[in-house]
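The values are calculated or read from the model by the stated rules, or taken from the named source; none is laboratory data. This structure is a prediction, so every number in the text was calculated from the model and none was measured. In this analysis, Cβ positions are derived from the backbone assuming ideal geometry, glycine residues included, and neighbour counts consider all displayed protein chains. Remember, those area values only see protein heavy atoms, side chains included, never the ligands or the DNA or RNA. Shrake-Rupley method; radii C 1.70, N 1.55, O 1.52, S 1.80 Å.
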Amino acid sequence: MRDVIIIGGGAAGLAAAVYAQEKQIDYLLVAPALGGKTVPATWGDGIGATLAQLFAGRLAMAPHQLLADRALAVTCVDGGFTVQTEGHGPQQALAVLVATGVQAVQMPVFDGIAPLRYNLGYSAATHAQRMANKHVAVIGDTLRSLRGVHELAAVARRVFFVVQSAAALASPLGIAVQDYLNVELLDGYHVTGVEQAPGTVVVQITRGSTVQQLVVDAVFADLGLRPDSALVRSLVQTDLNGFIPVDETGATAQPGLFAAGDVTTAFAEQVLVAAGQGARAAQSAYQYVLAHPSLRALKGANYD
């Protein structure tokens, strides 16, 4: 039985595992691959991506503490938890740290289109600084899409904001976004097609009988996010959107179960923030194990 099993190979999970490695905690990191949304093919040159690469390289030096697999469910057992994995069966630990992240709700018109480096995706804010002097389209009615438009407006030459519901524009962020001279609001439009052309993306939008084509350098869609929290929903109650509630230390309502990064209600979708959350949650998990003598006795390890 391990001290802690960390589930997820994104920024939060990587940072948690690096913390565990530094403290010589007996940990196991379970993830299909290291990097999460910042997989090696798209790491790029941002500071967050560089940090993720550094963490992944450090962890690769201890391959016996990495399990390239998918966690399916977490259940309680006497004195700890069992993590059921897809290909390696049950794994046990005294504590579990969930850092499984989120998945973007997919946009059907993106199907079959291979993204070029940064010109097609689901997070405008992530790549905003790469859009200097470019023409960009943002599609979506969410708070996340509004934040993305604000960040893009500061650097892009022109931003087309395709928003189906005018209600999104009634929020404080929605009202403020209307003050930018380089932002064109296209409310009530639906995206009916997306095509790639050499160096550009062509977005077709429709409102009633009106059809327009936006020729842009990049397009980002935000139809919402789905947290990957299903594996622990039998142990903790998530919020209405499926995010795991945590306190300031990363602890959940279930003793011994911790969570960090985008899967939690402390969502930030920034590598640096998620990494900090992961390290804090790993520290809390370690303190939980040390503070419970019965767990240490069960593991049979020498903690002195």
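For region 133-149, name all the residues that are of a type in the set (Lys, Arg) and under 14 Å from residue 183 (Cβ atoms). Quick ask: steps written out before the conclusion?
From region 133-149, those of a type in the set (Lys, Arg) are 134, 144, 147; that's our starting set.
134, 147 - these are the residues of region 133-149 that are of a type in the set (Lys, Arg) and under 14 Å from residue 183 (Cβ atoms).
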Selection from region 206-261 of residues that are farther than 26 Å from residue 72 by Cα and of a type in the set (Phe, Trp, Tyr): 220
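Being open to solvent by less than 10 Å² (accessible area, probe 1.4 Å), farther than 26 Å from residue 209 by Cβ, among the aliphatic types (A, V, I, L, M) and in a strand (DSSP E or B): is that true of residue 162 here? First the steps, then the outcome.
Values: open to solvent by less than 10 Å² (accessible area, probe 1.4 Å): yes; farther than 26 Å from residue 209 by Cβ: no; among the aliphatic types (A, V, I, L, M): yes; in a strand (DSSP E or B): yes.
No, not satisfied.
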In region 47-100, how many are surrounded by fewer than 17 Cβ atoms within 10 Å (Cβ to Cβ), in a strand (DSSP E or B) and of a type in the set (Gly, Ala, Ser)? 3
Given (1) surrounded by 15 or more Cβ atoms within 10 Å (Cβ to Cβ); (2) aliphatic (A, V, I, L, M); (3) part of a strand (DSSP E or B), identify the lone condition not met by residue 168. (3)
Which of the residues that make up region 129-158 are small (Gly, Ala, Ser) and crowded, with 17+ Cβ neighbours inside 10 Å? 137, 140, 145, 148, 153, 156
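Looking at region 171-190 only, could you name the residues that are small (Gly, Ala, Ser) and more than 24 Å from residue 132 (Cα to Cα)?
Of all residues in region 171-190, those small (Gly, Ala, Ser) come to 171, 174, 176, 188.
Within region 171-190, 171, 188 meet the criteria.
Got a number for residues in region 197-241 being of a type outside the set (D, E, K, R) and over 30 Å from residue 262 (Cα atoms)? Full working, then the answer.
Of region 197-241, the ones of a type outside the set (D, E, K, R) are 197-206, 208-216, 218-221, 223-225, 227, 229-232, 234-238, 240-241.
With the extra rule that they be over 30 Å from residue 262 (Cα atoms), the set shrinks to 197-200, 202, 204-206, 208-215.
Counting residues in region 197-241 that are of a type outside the set (D, E, K, R) and over 30 Å from residue 262 (Cα atoms) gives 16.
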Just need a number here: residues in region 224-238 that are open to solvent by 10 Å² or more (accessible area, probe 1.4 Å), in a loop (DSSP other than H, G, I, E, B) and either touching a strand residue (DSSP E or B) at 6+ places or on another chain (Cβ under 6 Å) or more than 29 Å from residue 191 (Cβ to Cβ) (or both). 6
If you go through region 250-304, how many residues are part of a loop (DSSP other than H, G, I, E, B), at pLDDT 95 or above and open to solvent by less than 60 Å² (accessible area, probe 1.4 Å)? 5
Take the residues in region 1-46 that are open to solvent by 10 Å² or more (accessible area, probe 1.4 Å), among the hydrophobic types (A, V, I, L, M, F, W, C) and part of a helix (DSSP H, G or I), then tell me which one is modelled with the lowest pLDDT. 41
